[in-house]
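Engineer: Structure in structure tokens, see below.
Please treat every number below as a calculation from the coordinates, not as lab data. Just so it is clear, the model here is predicted, and its values are computed rather than measured. Positions of Cβ are backbone-derived with ideal geometry, glycine not excepted, and every protein chain shown enters the neighbour counts.
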Amino acid sequence: MADSHYDVIIIGGGAVGLGVALEITRRFPHRRLLVLEKESGVARHQSGHNSGVIHSGVYYKPGSLKARLCVAGAAAMVEFCREHGILHRVCGKVIVATNADELSRLEELRHRGEANGLTGLRLIGPEELREIEPHASGIRALVVPSTGVTDYAAVCEKYAELIAARGATILTSAAATAIRRRNDEIAIETPRGAFSASSLINCAGLFSDRIARMAGDEPEMMIVPFRGEYYDLKPERAPLVRALIYPVPDPRFPFLGVHFTRRITERVDGGPNAVLALAREGYRYFDISVRDLTSSLAFSGFWRMAAQHWRKGIGEWHRSVSKPAFVRALQRLLPELAEDDLAPGGSGVRAQALKPDGSLVDDFLFVSASRALHVLNVPSPAATASLVIGKKIVDIAARDLGLK
Ligand SMILES: Cc1cc2nc3c(=O)[nH]c(=O)nc-3n(C[C@H](O)[C@H](O)[C@H](O)COP(=O)(O)OP(=O)(O)OC[C@H]3O[C@@H](n4cnc5c(N)ncnc54)[C@H](O)[C@@H]3O)c2cc1C
């Protein structure tokens, strides 16, 4: 059994919580640190159900936290995988414009990428695209050489191993069920006992807003869960894709747009889409949580978001229930793909922060309160950037929580 008092308790054993824990054990080796994870192992949610892409940072607004932490984070992730023998491949990707309307956005992406410090970005025509991805079709493409793939569940296992080796404790099957602030400490109840700490860092992903409220803080946002569903290319058709083939994103919805990923396992998948999930950990269509659903419906921002984006939502939902519609979206990039080439694949649920005015929080969001730091929005590319997000959060904890 773990001891009961710590200097810092982190809630959440995903890539972000573990990235923070790793940095605390490196920078403050004498601090007593506990990570509480509700599942029986680490990386059981977003960090173990994603596309496995080491993003380059080409998409994000220059100067944003996402841009800065992704570019540095991708380099750190590749270095970490190299150092610890974790499978990874820097395979590059192509972002493909399939109609004239997308050309200016493709050019804009190149400028963004360069402003973010990426090198080697190149606009190419259809012939060169066919040399890189012989089955892809487009009128122009942007080559992003620094994109890669890895297995983030394996990365998290390695984080956990290093954290434990440095003397910190990771307690699994230990959901935080109640949090109370006492004079100079925070007390947390779990099924595995009660623990207290001088500081709390909330990295609970899909439940980060609820943990903030449990701690008595008002985060002024709500997590909306978006399920991303994949189809796998049948193994005999996997040679249609050599590496990563992406569409030009709509700047208003950068996380939408199904694409192809050759994973580190060599399996190729198409997806993910983004449909509103009816449960925060709703990996399947019929997973419904009355509590999650009623809390969404009771949040004014939810209705404002629905009023603004219902058209996009219906399109995503249509691709979720109709395989032909999903395949048509993928065929824009790979015209010879047939419905028969695809078998149902896995899914993941994204934690996306929504504001009361109905807008989706775009950048990473970290909010300090008394003795607590809440990590409220860390969508993609947070797995890529988890090592440097860890450093950033520890900087904030040192400044705002007096961690030293
Ligand atoms: C479909 C999909 C595709 C993606 N693709 C990519 C990609 O290719 N590249 C990339 O960089 N990013 C990608 N992402 C984003 C990336 O996976 C996430 O940004 C990242 O994993 C977030 O990590 P996290 O630690 O915040 O969340 P999580 O991994 O969800 O971890 C949060 C943890 O908190 C735990 N928890 C919750 N409540 C409690 C509680 N009460 N007590 C104790 N523990 C609790 C949960 O069990 C969970 O383990 C993708 C995400 C999805 C869903």
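Engineer: Using a simple spin-label model with points 7 Å from Cα along the Cα→Cβ vector, what separation in nm is obtained for ARG291 and SER64?
Structural biologist: So the two model labels end up 3.2 nm from each other.
Engineer: Between ALA343 and ILE314, what length in nm is gained on full extension when 0.36 nm per residue of separation is reduced by their alpha carbon distance? Walk me through the numbers before you get to the answer.
Structural biologist: On the way: separation 29, 0.36 × 29 = 10.44 nm, distance 2.28 nm.
Taking ALA343 through ILE314 to full extension adds about 8.2 nm, to one decimal.
Engineer: So for the stretch 292-396, averaging the separation of alpha carbon pairs under 8 Å that are six or more residues apart and normalising by length, what relative contact order in percent results? Walk me through the numbers on the way to the answer.
Structural biologist: Values: 75 pairs, mean separation 25.6, N = 105.
Across the stretch 292-396, relative contact order equals 24 percent.
Engineer: So which of LYS158/LYS391; LYS93/LYS158; LYS66/LYS392; LYS66/LYS391 end up more than 19 Å apart by C-alpha? It would help to have the intermediate numbers written out before the result.
Structural biologist: On the way: LYS158/LYS391 17 Å; LYS93/LYS158 26 Å; LYS66/LYS392 12 Å; LYS66/LYS391 14 Å.
Too far apart for the 19 Å limit: LYS93/LYS158.
Engineer: Between VAL321 and GLU107, what's the calculated FRET efficiency when r is the beta-carbon distance and R0 is 45 Å? Round to 0.05. Intermediate results must be reported in sequence, preceding the final value.
Structural biologist: Numbers: r = 35 Å, r/R0 = 0.79.
That pair, VAL321 with GLU107, gives E of 0.80.
Engineer: Report the gain in length on full extension from SER300 to GLU39: 0.36 nm times residue separation, minus Cα-Cα distance, nm rounded to one decimal.
Structural biologist: Numbers: separation 261, 0.36 × 261 = 93.96 nm, distance 3.09 nm.
Contour length minus Cα-Cα distance gives 90.9 nm.
Engineer: Let me ask something else. For the Cα atoms of the chain, what angle does the longest principal axis make with the long axis of helix 300-321, in degrees from 0 to 90, nearest 10?
Structural biologist: 50
Engineer: Angle check, please: helix 65-84 long axis (alpha carbons) against the longest principal axis of the chain (alpha carbons), in degrees 0 to 90, nearest 10.
Structural biologist: 90
Engineer: Could you state the number of Å between the C-alpha centres of the stretch 315-338 and the stretch 193-235?
Structural biologist: Distance between centres, Cα-based: 31 Å.
Engineer: What order do you get for ASP362, ASP209, ASP292 when you list them from fewest to most C-beta neighbours inside 10 Å? Mind showing how you got there, number by number?
Structural biologist: On the way: ASP362 17, ASP209 27, ASP292 22.
Ranking ASP362, ASP209, ASP292 by Cβ neighbours within 10 Å, fewest first, gives ASP362, ASP292, ASP209.
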